[in-house]
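First the structure, in the form of structure tokens, and then the observations on it.
The values are calculated or read from the model by the stated rules, or taken from the named source; none is laboratory data. Keep in mind that this is a model prediction, so the values were computed, not measured. Note that each Cβ is placed from the backbone with ideal geometry, even for glycine, and that neighbours are counted across all protein chains shown. Just so you know, the surface numbers come from the protein's heavy atoms only, side chains and all, with ligands and any DNA or RNA stripped out. Shrake-Rupley method; radii C 1.70, N 1.55, O 1.52, S 1.80 Å.
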Amino acid sequence: MKIALLGYGKMGKAIEKIALEKGHEIVLRKSVDDSYDGLESADVAIEFSIPTSAVVNITTCLNAGIPVVSGTTGWLDDYEIVTKLCEEKGGSFIYGSNFSLGVNLFFELNAYLAKMMAKFPDYKVSMEETHHTQKLDAPSGTAISLARDVIKYSDYSSWALEDAKEDEILIDAKRIENVPGTHIVSYNSNVDKIEISHTAHSRDGFALGAVLAAEWILGKTGVYSMKDVLNLK
């Protein structure tokens, strides 16, 4: 499989390492100011760039007929534009706020717990996420996905980074050097606390999931998620 890497920072390099170990070829390594030379020869693009570059990267791939897997967060205000273009072009696209197998299982656990806790309003929900200092968006896309699943099954209407209202989930976003990613969901009452957490030990889990998604999407048409890739639906 020939892969175009759109975004060649720490995640891009981690993806490259795993892709090469699996016998794939990298035909484009694109940083922010680089050209798209080589994209036309790719079987698939894996896009881990920055929020301001993501939409251009993704739409360039879809217009060129290249399947694209994106793990960049912080650009989802334009998600409907991207998915509409994918449908118009008959393309293929996967977005994931987190490609780690463990995190996607954690998403399922979080949703299941949220359904259970909906019957017990005395427990108040809060979240904490910690990432490396190079992460540009806050809260993380993973934290937003976790919050959305809680909102789906509760009386909460939104989330907030500070000064959360009664119907908002407080997300405490921390940035600490060399932390790949930790997420904690807490249910607090006057008498006890229930807590679930996921801690990444390295970027390798995210990178492996992205490569698996790229392998999975070949030959498919449509808009997908990691639930499709991992058959969790």
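Please verify whether segment 55-62 includes one or more residues that are open to solvent by 10 Å² or more (accessible area, probe 1.4 Å) and touching an Asp or Glu at 6+ places or on another chain (Cβ under 6 Å). Within segment 55-62 (the criterion being open to solvent by 10 Å² or more (accessible area, probe 1.4 Å) and touching an Asp or Glu at 6+ places or on another chain (Cβ under 6 Å)), the answer is yes, since at least one residue qualifies. All conditions in (1) in contact with an Asp or Glu (Cβ under 8 Å, 6 or more places away or on another chain); (2) modelled with pLDDT under 95; (3) surrounded by 13 or more Cβ atoms within 10 Å (Cβ to Cβ) hold for ALA200, with the sole exception of (1).
Restricting segment 86-119 to residues that are touching a residue at least 24 places away in the same chain (Cβ under 8 Å) and charged (D, E, K, R), which is most open to solvent (accessible area, probe 1.4 Å)? Only one residue tops the list, namely GLU87.
For GLY71, indicate whether it is buried (at least 23 other Cβ atoms within 10 Å of the Cβ) and small (Gly, Ala, Ser).
So GLY71 fits the description; yes.
Pairing residues of segment 19-34 that are closer than 20 Å to THR72 by Cβ and among the charged types (D, E, K, R) with residues that are in a strand (DSSP E or B) and open to solvent by less than 40 Å² (accessible area, probe 1.4 Å), at Cβ distances under 8 Å and at least 6 apart in sequence or on separate chains, gives ARG29/LEU5; LYS30/ALA4; LYS30/LEU5; LYS30/LEU6. So which residues in segment 7-18 are of a type outside the set (Gly, Ala, Ser) and touching a residue at least 60 places away in the same chain (Cβ under 8 Å)? Across segment 7-18, the qualifying residues are LYS10, MET11, ILE15, LYS17, ILE18. Among the residues of segment 182-197, those that are part of a loop (DSSP other than H, G, I, E, B) and open to solvent by 40 Å² or more (accessible area, probe 1.4 Å) comprise ASN190, VAL191, ASP192.
Quick one: in segment 138-169, of everything that is closer than 24 Å to PRO180 by Cβ and of a type in the set (Gly, Ala, Ser), which residue is surrounded by the fewest Cβ atoms within 10 Å (Cβ to Cβ)?
So in segment 138-169, the residues closer than 24 Å to PRO180 by Cβ come out as 138-150, 159, 161, 169.
Then keep just the ones that are of a type in the set (Gly, Ala, Ser); that gives 138, 140-141, 143, 145, 147.
Numbers: ALA138: 16, SER140: 23, GLY141: 21, ALA143: 29, SER145: 21, ALA147: 24.
Only one residue tops the list, namely ALA138.
Across segment 203-233, the number of residues qualifying as surrounded by fewer than 16 Cβ atoms within 10 Å (Cβ to Cβ) and touching a helix residue (DSSP H, G or I) at 6+ places or on another chain (Cβ under 8 Å) comes to 5. Note on segment 161-181: residues that are in a strand (DSSP E or B) and touching a His at 6+ places or on another chain (Cβ under 7 Å) amount to 1. Considering only residues in segment 127-137 that are in contact with a Ser or Thr (Cβ under 8 Å, 6 or more places away or on another chain) and open to solvent by 20 Å² or more (accessible area, probe 1.4 Å), the one that is farthest from VAL185 (Cα to Cα) turns out to be ASP137.
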